[in-house]
Every structure is written in C-alpha cells, then in structure tokens.
Amino acid sequence: MQFYSTNRRSAPASFREAVLGGQPDDGGLYFPAEIPQLPSSLIERMASIPLVDVALEVIRPYVGGDIPDDRLRQIVDETLSFPLPLVALSERISALELFHGPTLAFKDIGAGFMSRCLRYFGGGSGRRTFVIVATSGDTGGAVAAGFHGVEGIEVIILFPKGKVSRVQELQLTTFGGNVTTLEVRGTFDDCQAIAKQMLADAELNARAHLTSANSINIARWLPQQFYYFAALQQWQGAPPVISVPSGNFGNLAAGMLAARSGLPVSRFIAACNSNDVVPRFMNTGSYDLRPAVATISNAMDVGSPSNLVRISEIFGGDREQLSSAMAAKSYSDEETRRTMVDVYSHCKYILDPHGAVGYLAIDEYLSANGGRGIFLATAHPVKFDVVLDVIGTQGNEPESLADLAHKPKQSVEIDNDPSAVRDMILAKL
Ligand SMILES: *Cc1c(COP(=O)(O)O)cnc(C)c1O
C-alpha cells in the first residue's frame, strides 16, 4: 500500500517509509491510497474468530508486505495482549473499556503497535534511535512502555513538573533503563517546544536517528481500528452508534476508517470538552482554530486537532457524507462532573472524565434519536485525581499500580532549558 500526503506536495511513501518518516515534508498527514474493503464473510463471522485474526486481516493490506506475515501476527498478538471488554451499563449504553493495558489508557494499543514496528524496521540499522516524547500525561507512559528494554533505543520523556496526576507521575518516573524521564519546570507547551527543537537539531540528527513517536504516525493511527472490531465482536443487535471522546481526533478517524472498510456502525459521535473546534465546524461550517483551554479531561485539550484532515479525506472532502456519518458535541467541565456523579449513583460505574464526556454524548444522542450505542472508556478512572474529588472513589487500584508504587522514582528535574536536554542526549551518544 502507498500512502500519500493530505497536502499532496510530497512523494507517496510505502508503509515502512511512512512509519519511519512520521510526517510528510509538506506538513500534511499520510493517508492510504485506497481504503481496503473487508470480505463480508469476515464481518459476518467476526464474533467467532479470535480478535488477533480479525486484526491481522484489518492491518495486512496497509502493511502491504513490508513486515512478513509471521512477524506481523506476532506484533498484533503482543499489541492486543490485554482484554478490551464491552460492559453494558444499561439496555441502551455499553462502555468499551480500553484501559486494561500497561499504562491504563487506549494509547497503549497505538503506541504498542508502533514501537514494535519501529523495532522491526530499525533492527540492524546500526544507528542509535532516540525517541523524544513531550507529554501532558498519557502519551509518554504508553510510548515508553512500548520501547522499554528495547536494545538500540533511548527514550527521552519530557513532562511538566507537578502538572500530571499521581498515577501518571508514577508511570512516567519508574521505568529507568533506556527511558530517561525529565521533569521540566514549565508547562506542556514548553516541553513540546524543547522536543521540537531537539528533533530539528542538525548536529543531533547527524549523529543519531531522532523520532517523536508522534500520534500522527500511521503506525499509531491505523491499529486503533482494532478495538472497534473488538466492540462489534461483543455486540448484538442493529449497528451501534459509537461515541468517541476526542482531542486530536486520531481515535475517531480510525473508527471511521474501519467503518469505511465495512464495519457496521450506524453513526459516530465526536464527544469533545470545551475545546470545540470540530463541533463548531460541524454545526456552522466555519473552521477556526483557537488556543486550547484547560479542562478536567485534559488529554482532550487540543485547540487544533491534527486528524480532522484524515476524517475529511475518508469522505473525499464531501461535507454532506461526513455529516451523515458523524455528529459532534461539546460539553463543559460542569456537565462532565455531573455525569460522573449521576452514572456512579445510578449504575455504580466509575467514569474517568474522558469517558464521562463520551457517555454524556451518547446518552444525549440516543435520548433524542433512539437506538443503542457504545462509548469508548479511554482511560482508567484511577489515572485522574479529579475522579476522587468528584465521586469520592476511584475504585480498585489495578495490581500493576501496586507494583509501581514500590519502584524507585527515576527522573531528573530540569529548568525549561533546551540546552540541558541537548547535553543529556549528547552524553548518551
Ligand atoms: C489521547 C486521549 C484522548 C483523545 O484521543 P484523540 O485520538 O487525540 O482524539 C481521549 N481520552 C484519553 C484518556 C486520551 O489519553
């Protein structure tokens, strides 16, 4: 399969080239030259086929032989090494729990697949690879978990000191080994600026292979289709409405790609917090970017969502087709908090703030339009301290956390100073 740039000014790339390159030079995003159509026999029999086999059928046309089938199966198998249960909260609404992986959020799936692809493609190249990740909390841990212990790869995580949750900090600071965690005395934007500067540094690039493991990489984007198939494997009845808590819109774009390939979904809902660029665009047609505002569902605090262009591309830029396939809604923190309280008191189900936005969107949609549906529970409630404040409990701590609490903290506190990071990378060469 070839991947073209959505800006159409860069040369097309193979799967391997697109994974290693990350983003086309023209600033667009890679998009598959064609959207594979899955055989209807696969869709019909899906519930009786192991998820790994379904996932392999989904991803194989995109990889197009750049990874041999037995290795690809192993990568898919390792990526899907934890359960993705669909939990019914009521007759109408089910939660697809995507938080049973190593860092308790859905990014484990994309990051796990991508790290294994990079590992496969990087093997034997001889040059040291540095994966530089700026994180506001969720991404850094998922990427580091994917690369931890991998020979030839050094991971540098930058996070804003004191601005991540207790559990996120535990996850970010207890890897050690080939993962170096830097607590920057600054904001997430400062961390991102440092990461960008390192990735653009000519001397560093001459001496090592630097990559961002960015969320727009196709190896993080495409495997997110897997769990929509997992949802439908566990679903009975007419095609569901699916609500996706959205920030950068990669997750939703993957679901819509899966539907375009033949997965039966009645409609998608983009569930957003107060960062409402996409809902405003869907409802008024005007696409104006605004700086991100801080909310309690902070992994969705994105002012300029990268993957919207991919969603548009799926429909060949046709606004009408897009509108019939997807609705979009924005909710305030107050509405999110109220939903967490309501769902806990009625269903005894603990929502994290991201899942709560997803729940609210599907509940409102189904109340108005009828039908049944699914929302994606994108993170474990234990990851967000606000859950304790709002509903008084975060539920049972997963066992993996108890282990982390016993590990020594391994992080370095630094000023908001790119040269400190640069020196640290040079010292590792
Ligand atoms: C990243 C993230 C999101 C947003 O996903 P996008 O693909 O960026 O839209 C939602 N919820 C959680 C918990 C996340 O970590």
Ignoring ligands, DNA and RNA, how do H148, H406 rank by accessible area with a 1.4 Å probe, largest first?
-> H406, H148
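The range 13-142: Rg/Rh from Cα coordinates, Kirkwood Rh? Can you show the working numbers first?
Details: Rg = 16.9 Å, Rh = 17.0 Å.
So for the range 13-142, dividing Rg by the Kirkwood Rh gives 0.99.
Sort the range 59-204 into rounded, prolate or oblate with this rule: let a ≥ b ≥ c be the square roots of the eigenvalues of the Cα gyration tensor; rounded if a/c is under 1.5, and if a/c is not under 1.5, prolate when a/b is larger than b/c, oblate otherwise. Don't jump to the answer; show the numbers that get you there.
Values: a/c = 2.16, a/b = 1.12, b/c = 1.93.
Taking the square roots of the gyration eigenvalues as a ≥ b ≥ c, the range 59-204 is oblate.
What 222 nm value per residue comes from the helices of the chain, counting each DSSP H run with n ≥ 4 as -39,500 (n - 2.57) and dividing by all residues, nearest 500 deg cm²/dmol? Write down the numbers at each step before the final one.
Values: 20 runs with 190 residues, N = 429.
Roughly -13000 deg cm²/dmol at 222 nm, from the helical runs in the chain.
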The chain - convex hull of alpha carbons, volume per residue in Å³ | 137 Å³
Label-to-label distance, nm, for residues given as A294 and N7 (7 Å Cα→Cβ offset) = 3.2 nm
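Share of antiparallel DSSP beta bridges in the chain, in percent to the nearest 5? Spell out each step's value before the answer.
Values: 9 of 46 bridges.
In the chain, approximately 20 percent of DSSP beta bridges are antiparallel ones.
Could you provide, to the nearest whole Å², the per residue accessible area of the chain with probe 1.4 Å? Walk me through the intermediate numbers first.
Numbers: 17000 Å² over 429 residues.
I get 40 Å² per residue for this part.
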Roughly how big is the range 136-236's charge dipole about its Cα centre, with Cβ charges of +1 (Lys, Arg) and -1 (Asp, Glu), in debye to the nearest 20?
-> 200 debye
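I want the local charge near S332. Using Cβ-Cβ distances under 12 Å, sum +1 for each Lys or Arg and -1 for each Asp or Glu among the other residues. Intermediate values should be presented prior to the final figure.
Details: positive: K329, R337, R338; negative: D276, D333, E334, E335.
Every neighbour counted, the sum reads -1.
Can you classify the range 187-234 as rounded, prolate or oblate using the Cα gyration tensor, where a ≥ b ≥ c are the square roots of its eigenvalues, rounded means a/c under 1.5, and otherwise it's prolate if a/b beats b/c and oblate if not? All intermediate terms of the calculation are to be shown ahead of the outcome.
Values: a/c = 6.21, a/b = 2.34, b/c = 2.65.
Judged from the Cα gyration tensor, the range 187-234 comes out oblate (a/c at least 1.5, b/c at or above a/b).
Taking square-rooted eigenvalues a ≥ b ≥ c of the alpha carbon gyration tensor, is the range 301-429 rounded, prolate or oblate, where a/c under 1.5 means rounded and, failing that, a/b exceeding b/c means prolate?
Working: a/c = 2.76, a/b = 1.30, b/c = 2.12.
It is oblate, given that a/c is not under 1.5 and a/b is not larger than b/c.
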Taking springs between alpha-carbon atoms closer than 10 angstrom, which of P32, P61, P83 fluctuates most in the Gaussian network model of the chain?
-> P83
Please get the size of the charge dipole for the chain, origin at its Cα centre, with Cβ charges of +1 on Lys and Arg and -1 on Asp and Glu, quoted in debye to the nearest 20.
-> 440 debye
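Which percent of the accessible area of the chain is formed by carbon and sulfur heavy atoms (probe 1.4 angstrom)?
Numbers: 8140 of 17000 Å².
The C+S portion of the solvent-accessible surface of the chain is 48 percent.
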Net charge, V387 excluded, C-beta distance under 11 Å - Lys, Arg +1, Asp, Glu -1 = -1
Between H346 and D415, what FRET efficiency comes out of the Förster formula 1/(1 + (r/R0)^6) with R0 = 56 Å and r the beta carbon distance, rounded to 0.05?
-> 0.70
Subtract the Cα-Cα distance of S40 and D25 from 0.36 nm times their separation in residues, and report this length gain in nm to one decimal.
-> 1.7 nm
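The values are calculated or read from the model by the stated rules, or taken from the named source; none is laboratory data. Given the structure is predicted, the values throughout are model-derived calculations rather than measurements. Here Cβ is always computed from backbone atoms with ideal geometry, including for glycine, and neighbour counts include all displayed protein chains. Side chains are part of the model used for accessible areas, which takes the heavy atoms of the whole protein and leaves out ligands, DNA and RNA. Shrake-Rupley method; radii C 1.70, N 1.55, O 1.52, S 1.80 Å.
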